[in-house]
1. Taking only region 70-104 into account, find how many residues are closer than 18 Å to Ile9 by Cβ and not in a helix (DSSP H, G or I).
2. For region 8-29, give me each residue that is within 16 Å of Ile152 (Cα to Cα) and small (Gly, Ala, Ser).
3. Go through Glu37, Glu81, Glu31 for me and flag whichever is of a type outside the set (Gly, Ala, Ser), under 25 Å from Val162 (Cα atoms) and free of Cβ contacts under 8 Å to residues at least 24 places away in the same chain.
4. Which one is modelled with the highest pLDDT, of the residues in region 162-180 that are surrounded by 14 or more Cβ atoms within 10 Å (Cβ to Cβ) and of a type in the set (Val, Ile, Thr)?
5. Filter region 78-108 down to the residues that are buried (at least 18 other Cβ atoms within 10 Å of the Cβ) and of a type in the set (D, E, K, R) and list them by number.
6. Does Arg7 satisfy being of a type in the set (D, E, K, R), within 26 Å of Met164 (Cβ to Cβ) and buried (at least 20 other Cβ atoms within 10 Å of the Cβ)?
7. Tell me which residues, restricted to region 136-180, are free of Cβ contacts under 8 Å to residues at least 12 places away in the same chain and hydrophobic (A, V, I, L, M, F, W, C).
8. Give the residues of region 125-155 that are in contact with a Phe, Trp or Tyr (Cβ under 6 Å, 6 or more places away or on another chain) and in a helix (DSSP H, G or I), sorted by residue number.
Amino acid sequence: MIALMIRVIMIDGDTLFKDDRVFPYVPQALEVLSRFETRGKPLVVSLVSNYEMPATPAKINEIFNKYVATLDELRLKEFFEPVERRVTLSTQAGVLIPDARFFRKATQRLRLRIGLDDCLFIGNDAERVKACRGLGMTALLFSEWTEMPLLIARLINPTSAVNMNLALQLPLATTYDVQLIRLNDAQSGNVVHGVGKKLFPVPLKKRRGAAETIEVPFTVQVDISFDKQGRIRGVKTNQPPAEAIAESADYVETLEANKQISHGEGSAKGSETHELKTDERGRKILKRKRFIAS
C-alpha cells in the first residue's frame, strides 16, 4: 500500500444527515475518527457541503449560521468545532463541490498550509468522488458509517494498531455482536486476531415450571478476516465451554438469591450490583452496574 500523508478528512454533509434525520451510526463513527492518530501530524476532521448560494454577500453569515444551528440541533456540531474553521459551505466558497476553488477555500478556512493531495474526501456521489481524485485528492465513495472508519484507517496510517482497534469497534459491535477488547500483535495474512466479549445464552433452573434463559457476556478469541478492499469478510469467535456456561448459571442464581439483580430502570439500590435488561432483539441481558453493594 502506498503511504499517504493525509492531514485533513473532508466529509460531505450529505453523508451525515438529511433534513432533520442523522444517518445511522454517524456520531459513533465521528467519535472514532476524532481519536485517530496519524504520522506525527494532527488529523483534522472537517465538514464540507453544497448549500444555499446567496444572492448577496450579506446573506453569507445568515445562511452559515442557519446550517450550524441545524448541526447543533442534530448534536453534530461538537465534532466540527470550531465551526468557523472546520465547516465550509458552497455559500462561502461561491462555487460547488467538486470545484477546486471550493476545496482551496476549505483549506484556507482551516488555516493550514496544505495541498489538496493532503486531503481525503468522503462523498456519496460517484461523480464528485471521481472529480476529487482528478484534483489530486484521495477520495472514498461512502457506503455506510459502520465500515467507513476502517477504510479511512487504512489510508490515514495502515500500520497503526491504535487506529485499527478503534475502527473495528463499531462494525464488530453492530454486525457481529462482539465488543472488541484488544487486538493481538500477531497477524496472519489478511486475518487479525484479538480478544473480545460476546453474549451467549445461559439457561437457568426452572422456576414455577418455566425455564428462563438470559444472555451473559463471555470473553472470547476473535479472528477477523478482510477482503482485498480492506472490508471485513468474516468474524469467527470461539464458544465458551459447557463448564463455563454452567458456572455462569450458578453465579446468576446466587446473585438472584442475594437480591443483587435489578429488574427495572434506574440506578442500583441496596444490594443490587447487576441489572437485567431486555434489548431491541428481545434478549434478556445481564450487565454489571457496580462492584460493591451499599
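The values are calculated or read from the model by the stated rules, or taken from the named source; none is laboratory data. Keep in mind it's a predicted model, so treat the numbers as computed, not measured. Here the Cβ positions follow ideal geometry from the backbone for every residue, glycine too, while neighbour counts run over all protein chains shown.
1. Qualifying residue count, region 70-104: 8.
2. Answer for region 8-29, where residues must be within 16 Å of Ile152 (Cα to Cα) and small (Gly, Ala, Ser): just Ala29.
3. Details: Glu37 fails: free of Cβ contacts under 8 Å to residues at least 24 places away in the same chain; Glu31 fails: free of Cβ contacts under 8 Å to residues at least 24 places away in the same chain.
Selected residue: Glu81, the only one of Glu37, Glu81, Glu31 that is of a type outside the set (Gly, Ala, Ser), under 25 Å from Val162 (Cα atoms) and free of Cβ contacts under 8 Å to residues at least 24 places away in the same chain.
4. Filtering region 162-180 for residues surrounded by 14 or more Cβ atoms within 10 Å (Cβ to Cβ) gives 163-174, 176-180.
Filter once more, so that each one left must be of a type in the set (Val, Ile, Thr): 174, 178.
Values: Thr174: 93, Val178: 96.
Among those residues, the one meeting the criterion is Val178.
5. Taking region 78-108 as the starting set, the residues that turn out to be buried (at least 18 other Cβ atoms within 10 Å of the Cβ) are 79-80, 83, 86-93, 97-98, 102-103, 105-107.
Listed by number, the residues that qualify are Arg86, Lys105.
6. yes
7. Ala173
8. Initially, region 125-155 is screened for residues in contact with a Phe, Trp or Tyr (Cβ under 6 Å, 6 or more places away or on another chain), giving 132, 137, 139, 145-146.
Cys132 - this is the single residue of region 125-155 that is in contact with a Phe, Trp or Tyr (Cβ under 6 Å, 6 or more places away or on another chain) and in a helix (DSSP H, G or I).
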